[in-house]
Amino acid sequence: MSYYDLDSILTDGQKVPTTIELEVPGLGYLDNAPGRPLKAGTKVDLPLWLSQMLAVSAYSTKHIADLEPPSCLAPRVMNALKADPKSVDIRALSSHFYEFAVRILELLDEVLVYQDACAVLMETWRRRAAEISDHASNAGQNRGGGGMGSTDGVEFLRGLDDSERYLFRAAHDGTKAMRSWMGEMTKK
Amino acid sequence: MALPLQPGLTPTEVAFLCEMETVTVVPRQRLESLPLISGPTPALRPPHRSPLPLWLALLLKRQRRANILPPPWLHPQSLDKILKYETETSPEGFSPPPPHPYLLTTRPASTDTISPPFLPSSTAGAPAGYLPYHWLELGEILLEACPDDLPDPNRIRTQLRDLREVRMAKIRHRTKDLEGGGITSLRGVGAMEVSEGRGFIVGVMDGIRKLGSNREVARREREEYEGGEGGISDEGEEMEYE
């Protein structure tokens, strides 16, 4: 992960539910109470980079903040992914779902059932990748045709997160280069 | 900024490399031996067949000085056989590559490491029924350059397209049971297919590696911990013996 990697920067900006364990003066506006101190025990959504730093740092033996699994990694979502990875709109959960999940798993390995979530995510990635490649190799061929099931594909492709979009692009570029080479061969 | 160049070879580059393959030509005119970097070409005397690199053969063909003899595996019957193997005999795996022309023995020889395009896998003497490394690009190039030398060019063209579809579907299907280690085997997969599938396969493997990375770290830590324990107990035993 490079320092200049835009995707990792955007992943850093994803919100995580965090419980503040310490009263912070002057930060009340985070909890819709401007001008007042942020009370201990308040739950606020903080970006990952901030809550991560707060969670790992300690103030005289006390943790400053406590992380909770975000809604996009809730058991409900995990069950849906286990049941049918292709029907879940991952983009609605998070625009950088996989990277975000990896970062959260790093931090919360005891909270989530760790191995299981990892296995579910890998299986999801694999199953969706196969679907992506099928769409990528057919994209642009029947433009304007709009036959059976084409709306289904649009629905699925809209639900891809960013890393899956890169994958789609890579798969599509390979097929496109190949097709243009073969087209050149027959045209000459 | 990312480098705009894609990793790996583009189809055009693969086709360029394929032009180094040796094919058999039937010359129509005499031509003395040419001193090329890769070695002198045989002197052409019609109507004797001689092996030539594909690029030279294409040049002579374009000037109507020679005819190219298509390799036996590019015959419709041979392609039919391969297609049948791909779809019925082994719907999971790829059809095997041609056997190595030089006998492989237990004793290492200098011929063991010769690989395409320096193997005579596309000459008139090549075995039928096997797809060599450069099958797709060689087939396409020959279809474009010398359809009059092929037995049934239209049928061959559709057969090549069918083969490509079947095999690309297999490559894509294989990613479903990918583990972090990578694809189990690419035996029999051609250069052009690798070039086409590279972006996707590398992307999938990259994603799996990222997702599995912290599990991997945890496993390594655990192993290290256990290994440390073992080391300590070994030392203890040694102490006892002493």
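The values are calculated or read from the model by the stated rules, or taken from the named source; none is laboratory data. Bear in mind the structure is a predicted one, so any value in this text is a computation, not a measurement. Counting neighbours? That spans all protein chains shown, and the Cβs are built from the backbone with ideal geometry, glycine included.
Region B:1-97 holds helices (runs of 4 or more DSSP H) entirely within its bounds, and those carrying 2 or more residues that are among the aliphatic types (A, V, I, L, M) and out of contact with any Phe, Trp or Tyr (no Cβ under 9 Å at 6 or more places or on another chain) map to B:54-62.
Just give me the residues in region B:54-102 being among the hydroxyl-bearing types (Ser, Thr, Tyr) and exposed (fewer than 15 other Cβ atoms within 10 Å of the Cβ), in sequence order.
B:THR87, B:THR89, B:SER90, B:TYR102
Contact map, region A:1-29: first residue farther than 17 Å from A:ASP161 by Cβ and not assigned by TED's automatic domain parsing to the domain that holds A:HIS63, second residue outside any loop (DSSP other than H, G, I, E, B) and at pLDDT 85 or above, Cβ cut-off under 6 Å, separation 6 or more or different chains; the map is empty. Scanning region B:169-185 for any residue that is within 24 Å of B:PRO117 (Cβ to Cβ), away from chain A (no Cβ under 14 Å) and at pLDDT below 85 turns up at least one such residue. Hey, any hits in region B:38-47 for a residue that's hydrophobic (A, V, I, L, M, F, W, C), at pLDDT 85 or above and surrounded by 15 or more Cβ atoms within 10 Å (Cβ to Cβ)? Yes - at least one qualifying residue is present in region B:38-47. One residue alone among B:SER121, B:SER110 is loosely packed, with under 13 Cβ neighbours inside 10 Å and more than 12 Å from every other protein chain (Cβ to nearest Cβ), and that residue is B:SER110. Scanning region A:138-162 for residues that are within 14 Å of chain B (Cβ to nearest Cβ), modelled with pLDDT under 80 and under 26 Å from the mean Cα position of the chain (by Cα) turns up A:ASN138, A:ALA139.
For (1) within 10 Å of another protein chain (Cβ to nearest Cβ); (2) of a type outside the set (D, E, K, R); (3) without any contact (Cβ under 8 Å) to a residue 40 or more places away in the chain; (4) surrounded by fewer than 17 Cβ atoms within 10 Å (Cβ to Cβ), each residue gets a yes or a no:
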residue: B:TYR133; (1), (2), (3), (4): no, yes, no, no
residue: B:LEU136; (1), (2), (3), (4): yes, yes, no, no
residue: B:ALA145; (1), (2), (3), (4): yes, yes, no, no
residue: B:PRO151; (1), (2), (3), (4): no, yes, no, yes
residue: B:ARG157; (1), (2), (3), (4): yes, no, yes, no
residue: B:ASP162; (1), (2), (3), (4): no, no, no, yes
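Restricting B:VAL166, B:VAL189 to those that are more than 9 Å from chain A (Cβ to nearest Cβ), β-branched (Val, Ile, Thr), under 27 Å from B:TRP55 (Cβ atoms) and in contact (Cβ under 8 Å) with a residue 60 or more places away in the chain reduces the list to B:VAL189.
Could you check region B:192-206 and list, in sequence order, the residues that are among the acidic types (Asp, Glu) and either in contact with a Pro (Cβ under 7 Å, 6 or more places away or on another chain) or free of Cβ contacts under 8 Å to residues at least 12 places away in the same chain (or both)?
B:ASP206
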